[in-house]
Every structure is written in C-alpha cells, then in structure tokens.
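Student: The structure is given below, and queries will be raised subsequently.
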Amino acid sequence: MIKVIQYDITDLDVDAIVNAANTSLLGGGGVDHAIHRAAGPMLLDACKKLGGCPTGEARITPGFRLKAKWVIHAVGPVWHGGDHGEPQLLENCYRSAFSLAKEAQSRSLAFPCISTGIYHYPKEDAARIALKVMHANDKDFRSIVACCFDAENASIYRKILGVAARSEDD
Ligand code: AR6
C-alpha cells in the first residue's frame, strides 16, 4: 500500500527510511543532514566505510538511533535540464533502494522526494517517476510511504495518486 504523508522522515517508525544522499555518502544538507543528526555519529562512521556511491545507485547502513532499522542512501541526479539522463538516473535510484530494502527483508519503507530539494529536479516529474517505481514494488511491501516535507510535494503526490489529503490517516 502506498501512502502519502507530510512529515519529518527521521521520526517514522518503519523498517527502512531512504536518504537523499550525494555520491560521497558523507552527509550534506536537507534530509541528509536531518537523518545524520537524528541517527547519531555512528551513521557517518558506517557511511565512511562504503567508499561513496554513484548517481542512480543506493547503499544501506543500519539506522542507529533512528526508529528505522535501516537507512538506504540513494543518490539522485542533479537537475541539468532533463537531457542528461536525469529521468533514468532518478528511476534507477528508486529501484536500487527497493532492491536493497527487499534484501534486508524490510516490509515498510519510506522515501523523501529525492532530488527535488538542493538538486532542483522538477517536483511533478520526480513524483511521477517515484510513484511509478512505488507501484511496481507495491505487492512486496506492507507499506510504502512517500514522506513529503513540503506541502507542494504532498499535494503533487496526492494529485497523481488520486487521493484526498486525509489519506494519510488511513
Ligand atoms: N524529512 C523528509 N523530507 C525532508 C526532510 C525531512 N526531515 N528534510 C528535507 N526534506 P534535499 P536532494 C525534503 O535537498 O534534492 C544534500 O546536501 C526536501 O523538502 O534533501 O536530493 C545531500 O547530501 C525535499 O523535498 O535532497 C545532497 O548533496 C527532499 O527532502 C543533496 O542535498 C529532498 O531534498 C541532495 O539533494
């Protein structure tokens, strides 16, 4: 089941949360900063051992102080106008995250709106890609959460999914 909520992903009680990371995996701003702050310094130590991650791929670490058991660090593309492979890279990044979540036997998984902040991917285009990959994996999870931080993303996701705002309470 796919749910849309407007919330802080670091506070979610799910098996795994996805981070919108960069290729260094060594932290940054936005949701990456929030996740590292909430998980504690052991997360950075674990990330250092991974040696980075190419754009369009993902890596997994424990969640340490988070409620989530796992953090899946997915590297979305920076938006450079759309003809530099951005849609395929964004799709690959969601697919990689799902595949790691399955390997870790996660049944519930939450995503931020990858690439739509500092990386400036157009929100509606990004949401369509995210929801397409979420639908393709829906049957393998008890709950897939599109965890939007801003009202604009939440409303875009709900519009595409065709659900009313109160669906987050379902
Ligand atoms: N919970 C859920 N979503 C959040 C939170 C939160 N606590 N905080 C921000 N968001 P961004 P990107 C939303 O910029 O565009 C970092 O420096 C935010 O509103 O975090 O993929 C990394 O290290 C937006 O919708 O990630 C990379 O260098 C979404 O998360 C770079 O930013 C993604 O915004 C990645 O840029």
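Student: Tally time: how many residues in the stretch 64-84 are within 14 Å of the ligand (Cβ to nearest atom) and buried (at least 19 other Cβ atoms within 10 Å of the Cβ)?
Tutor: Qualifying residue count, the stretch 64-84: 9.
Student: Here's a follow-up. Only one of these conditions is not met by A38: (1) within 21 Å of A154 (Cβ to Cβ); (2) within 13 Å of the chain's Cα centre (by Cα). Which number is it?
Tutor: Single failed check for A38: (2).
Student: Among the residues of the stretch 19-34, are any of a type in the set (D, E, K, R) and over 13 Å from the mean Cα position of the chain (by Cα)?
Tutor: The answer is no, given that none of the residues of the stretch 19-34 is of a type in the set (D, E, K, R) and over 13 Å from the mean Cα position of the chain (by Cα).
Student: Restricted to the stretch 125-170, and to residues that are at pLDDT below 95, among the small types (G, A, S) and not in a helix (DSSP H, G or I), which residue is surrounded by the most Cβ atoms within 10 Å (Cβ to Cβ)?
Tutor: Per the criteria, the residue is A164.
Student: Only one of K123, K102 is near the ligand (Cβ under 10 Å from one of its atoms) and out of contact with any Leu (no Cβ under 6 Å at 6 or more places or on another chain). Can you tell me which?
Tutor: K123
Student: Now for a separate question. I'd like the full set of residues that are within 14 Å of the ligand (Cβ to nearest atom), open to solvent by 10 Å² or more (accessible area, probe 1.4 Å) and either in contact (Cβ under 8 Å) with a residue 60 or more places away in the chain or of a type in the set (D, E, K, R) (or both), limited to the stretch 30-53.
Tutor: Of everything in the stretch 30-53, those that are within 14 Å of the ligand (Cβ to nearest atom), open to solvent by 10 Å² or more (accessible area, probe 1.4 Å) and either in contact (Cβ under 8 Å) with a residue 60 or more places away in the chain or of a type in the set (D, E, K, R) (or both) turn out to be G30, V31, R37.
Residue-wise test of (1) assigned to a loop (DSSP other than H, G, I, E, B); (2) closer than 12 Å to A16 by Cα; (3) open to solvent by less than 10 Å² (accessible area, probe 1.4 Å); (4) not basic (K, R).
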{"residue": "T55", "(1), (2), (3), (4)": "yes, no, no, yes"}
{"residue": "L89", "(1), (2), (3), (4)": "no, no, no, yes"}
{"residue": "S96", "(1), (2), (3), (4)": "no, no, no, yes"}
{"residue": "Q105", "(1), (2), (3), (4)": "yes, yes, no, yes"}
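Student: Another question, if that's okay. Residue check: is A97 over 12 Å from the mean Cα position of the chain (by Cα), more than 12 Å from the ligand (Cβ to nearest atom) and under 20 Å from D140 (Cβ atoms)?
Tutor: no
Student: If I go through the stretch 13-26 residue by residue, how many of them are within 9 Å of the ligand (Cβ to nearest atom) and open to solvent by less than 20 Å² (accessible area, probe 1.4 Å)?
Tutor: The total comes to 4.
The values are calculated or read from the model by the stated rules, or taken from the named source; none is laboratory data. Computed from a predicted structure; not experimentally measured. Neighbour counts run over all protein chains shown; Cβ positions are idealised from the backbone, glycine included. When the accessible area is computed, the model is the full protein with side chains, heavy atoms only, and any ligands, DNA or RNA have been set aside. Shrake-Rupley method; radii C 1.70, N 1.55, O 1.52, S 1.80 Å.
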